[in-house]
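The values are calculated or read from the model by the stated rules, or taken from the named source; none is laboratory data. Quantities reported herein were computed from a predicted structural model and do not represent experimental measurements. All Cβ positions, glycine included, derive from the backbone under ideal geometry; neighbour counts span all protein chains shown. We work out accessible area using only protein heavy atoms, side chains counted, and drop any ligands, DNA or RNA first. Shrake-Rupley method; radii C 1.70, N 1.55, O 1.52, S 1.80 Å.
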Amino acid sequence: MKESILKDKPYQELRTFDTILRKFKEDTNEDELVWHRDRRDRKVEVLNNTDWMVQLEDDIPQLLKQSIFIPKNTYHRLIKGTGELDLRILEF
């Protein structure tokens with residue numbers, strides 16, 4: 001796995017062929033991580049207990065308690081909770 005710490009991103013990342021592991025630190029300055037769209041379908045799995053939230057399009061934000069499917073080109077964002085957030089992202 002290749003580790004990258006991206007200067008303009010609020011997370012650390014480990015990548016394999018089709019999986020991305022991301023760790024969002026508790027001291028992330030952003031309350032809401034930027035709205036964006038991905039170019040690929042993604043299944044996002046939460047690896048720790050958290051009160052962080054995800055919002056898709058104009059839907060009501062929901063707690064990240066289990067895996068969630070985010071279709072490509074879906075406008076979405078993360079809303080910061082307490083503690084760190086560890087994710088496994090599978091791309092299709």
| request: Take the Cβ-Cβ distance between Arg40 and Gln62 as r, set R0 to 22 Å, and report the resulting FRET efficiency rounded to the nearest 0.05. | output: 0.55
| task | Could you quote the convex hull projected area for the stretch 24-66, Cα atoms only and averaged over all directions, in nm²? | result | 3.8 nm²
| query | Ile60 accessible area, nearest 10 Å², 1.4 Å probe? | reply | 150 Å²
| What does the accessible area of Phe92 come to, in Å² to the nearest 10, when a probe of 1.4 Å is used? | 130 Å²
| message | Starting from the Kirkwood Rh over alpha-carbon pairs, what translational D in µm² s⁻¹ does the chain have by Stokes-Einstein at 4 °C and 1.567 mPa s? | response | 97 µm²/s
| request: Rounded to whole Hz and in sequence order, give me ³J(HN,Hα) for the stretch 31-41 from the Karplus expression 6.51 cos²θ - 1.76 cosθ + 1.60, θ = phi - 60°, writing x for Gly and Pro. | output: 6, 10, 6, 3, 4, 7, 10, 9, 7, 10, 5
| said: Can you give the longest run of the chain that contains no trypsin sites (Lys or Arg not before Pro) sitting in a DSSP loop with at most 15 other Cβ atoms inside 10 Å? | reply: 41-64
| query | Just by accessible area at a 1.4 angstrom probe, what is the order of Trp35, Trp52 from largest to smallest? | reply | Trp35, Trp52
| request: Compute the length gained on full extension between Phe17 and Asp51: take 0.36 nm times their separation in residues and subtract their Cα-Cα distance, giving the result in nm to one decimal. | output: 9.3 nm
| query | Ignoring the sites themselves, what is the longest stretch of the chain with no GluC sites (Glu not before Pro) in a DSSP loop and at most 14 other beta-carbon atoms within 10 Å? | reply | 58-92
| query | What's the lysine pair count for the chain at a Cα cut-off below 18 Å, pairs eight or more apart or interchain? | reply | 14
